[in-house]
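The values are calculated or read from the model by the stated rules, or taken from the named source; none is laboratory data. Bear in mind that the values here come from a model prediction, so they are computed numbers and not experimental data. So basically every Cβ, Gly included, is an ideal-geometry build from the backbone, and we count neighbours across all protein chains shown. Protein only, heavy atoms only, side chains kept; ligands, DNA and RNA dropped before computing areas. Shrake-Rupley method; radii C 1.70, N 1.55, O 1.52, S 1.80 Å.
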Amino acid sequence: METELVSRIRYGGEGATRMTERKSPTAVLREGPRALSDAQVREIEDSSLEQVLNVDIDDVIEYVHKDLRSLPDFTTLYRKYLKQRWDVYDLDFSQDKIDWQEKMTEEERQSFIAVASGFHHGERQVEIELPVFMIGASEEEKLHIAAQIEDEARHTVFFDRFYREVVGLKGDDIMDILDASFPWVSETFVAPFGLLAYQADELRLHPYDERARVRYGTNYFLWIEGVLALSVMKVTLSYARWRGFLPAYYTGFTATCRDESRHVQGGMRYLQDAVRKDPTMIKEIHDTLRTILSVSGVVSRRIYYEPLGWTDDEVRAPSQQGTPTGSMAHWSG
């Protein structure tokens with residue numbers, strides 16, 4: 001029999017859910033370096049889907065970076081996946097629909113969907129393109145990548161449900177909803193994902209080319225997962241926490257962020273091993289990052305973050321301590 005708390009979280013209702021402590025979206029920028037206690041780490045790792053509602057997203061993002069200098073092996077990451085799997089169909093978006101339609105302003109809705117749409121499309125693209133990276137992987141890494149592909153499929157369904165049931169986009173299938181949300185996708189996402197499609201084609205032709213794999217891994221694991229994805233999570237989830245809105249979105253996307261911790265750590269483990277095996281691979285990483293920064297520099301329309309409690313400068317503020325790019329100096333040691 002469900003507990004009262006589980007029932008409230010799952011089935012919603014006005015005032016029924018309790019989200020994590022409300023604070024401003026940008027509070028983390030003023031709090032200084034974060035150090036997670038063992039209890040906080042256990043809460044993040046062991047929380048059920050229902051309990052994730054009360055986990056602070058800033059703690060989860062810090063958790064993503066926690067082990068970058070002492071990366072777990074792929075079997076350990078696979079075991080974490082088995083513990084942390086969640087059912088996307090356990091989420092009830094009824095309160096989110098009320099919040100979206102009756103409590104959020106039009107400016108908030110437009111800003112939110114403009115930020116979230118890149119993630120909507122990113123999950124689906126990785127779901128279909130990550131398998132080519134698996135071909136040249138070790139057997140242990142294949143376990144981790146197979147689990148990650150299942151994660152990406154779940155995240156795709158999560159966004160499909162959110163756009164259908166909350167935003168109100170119409171369509172007969174998943175591709176219809178993707179097509180409907182595409183007008184909100186910005187060049188910030190089009191450029192690296194366009195490059196990723198090219199890199200995936202290169203791997204289809206040469207799946208054991210280690211330099212091609214490093215280029216793909218740099219773009220996907222280091223940039224898309226380690227920079228872009230975490231930025232989207234921080235902006236939309238800190239807004240939901242601040243306003244006390246969208247409890248199912250907060251729950252599912254925070255669980256998604258926990259999944260991403262395994263993806264980022266696995267990707268960084270792969271790149272670290274590649275550089276240690278052949279130190280010249282660091283040039284492939286640097287050259288790929290220069291390409292990404294170059295193709296991402298053109299912007300034809302601005303995304304307005306202010307309705308979500310952020311300014312452009314705050315969104316761009318680097319958090320170098322513990323980030324994937326900030327840890328690269330340690331890889332060749």
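Could you report the accessible area of Ser294 in Å², rounded to 10, computed with a 1.4 Å probe on the protein chains as they sit in the structure?
80
Roughly speaking, what is the centre-to-centre gap between segment 224-282 and segment 63-126 when only Cα atoms are used, to the nearest Å?
Their Cα centres are 9 Å away from one another.
Which percent of the accessible heavy-atom area of the chain goes to carbon and sulfur, probe 1.4 angstrom?
52
Calculate how large, on average over all directions, the projected area of the Cα convex hull of segment 85-171 is; give the answer in nm² to one decimal. Kindly include the intermediate steps, with their values, before the conclusion.
Working: hull surface 26.4 nm².
For segment 85-171, averaging the hull's shadow over all directions gives 6.6 nm².
With the chain treated as a Gaussian network of Cα nodes joined by springs under 10 Å, which of Ser117, Ser24, Ser238 yields the largest mean-square fluctuation?
Greatest mean-square fluctuation among the candidates belongs to Ser24.
Using a Gaussian network model on the chain with a 10 Å cutoff between Cα atoms, which of Arg215, Arg316, Arg30 fluctuates the most?
Arg30
Take each uninterrupted DSSP H stretch in the chain, measure its Cα extent along the helix axis, and return the ones at 24 Å or beyond whose mean Kyte-Doolittle hydropathy is at least -1.0.
106-134, 139-162, 187-205, 247-277
Restrict the search to segment 127-202; then list the trypsin sites (Lys or Arg not before Pro) that DSSP places in a loop and that have at most 11 other Cβ atoms within 10 Å of their Cβ.
In loop regions of segment 127-202 (DSSP not H, G, I, E or B), the sparsely surrounded trypsin sites (Lys or Arg not before Pro) are Lys170.
Using a 1.4 angstrom probe on the protein heavy atoms only, line up Met134, Met281, Met175 by accessible area, largest first.
The ordering from most to least exposed comes out as Met175, Met134, Met281.
Could you give the C-alpha radius of gyration of segment 60-216 expressed as a fraction of 2.2 N^0.38 Å, taking N as the number of residues it contains?
Normalised Rg, Cα atoms only: 1.18.
Exposed loop sites here are GluC sites (Glu not before Pro) in DSSP loop states with at most 16 other C-beta atoms within 10 Å. What is the longest stretch of the chain lacking them? Could the numbers behind the result be given before it?
Numbers: sites that count: Glu2, Glu14, Glu21, Glu31.
By the stated rule (loop sites, at most 16 other Cβ atoms within 10 Å), 32-333.
Using just the C-alpha positions of segment 191-283 as equal point scatterers, what log10 of I(q)/I(0) does the Debye formula give at each q in 0.21, 0.23 1/Å?
-1.00, -1.11
Based on the alpha carbon coordinates of the chain, what radius of gyration and maximum Cα-Cα distance (Dmax) apply, in Å?
19.2, 58
Among Asp312, Asp172, Asp201, what's the order by accessible area (1.4 angstrom probe), most exposed first? Each step should come with its number before you reach the end.
Working: Asp312 35, Asp172 150, Asp201 80 Å².
Ranking Asp312, Asp172, Asp201 by accessible area, largest first, yields Asp172, Asp201, Asp312.
Below 8 Å, C-alpha to C-alpha, sequence gap of six or more: please give me the relative contact order for the chain in percent.
Relative CO of the chain lands at 30 percent.
Does anything in segment 102-141 have its amide N under 15 Å from the 7 Å Cα→Cβ label point of Arg302, and if so which residues?
Inside the label zone: 111.
Determine the sum of side-chain charges near Ile177: Lys and Arg each +1, Asp and Glu each -1, restricted to other residues whose C-beta is under 11 angstrom from that of Ile177.
-2
Provide the per residue accessible area, probe 1.4 Å, for segment 127-180, rounded to a whole number of square angstrom.
Using a 1.4 Å probe on heavy atoms only, each residue of segment 127-180 averages 39 Å².
Could you work out which residue, out of Thr188, Thr105, Thr254, moves most in a Gaussian network model of the chain, that is, has the largest mean-square fluctuation with Cα springs under 10 Å?
Taking springs between Cα atoms under 10 Å, the residue moving most is Thr105.
May I have the count of lysine pairs in the chain with C-alpha atoms under 27 Å apart, counting pairs 8 or more residues apart or located on different chains?
21
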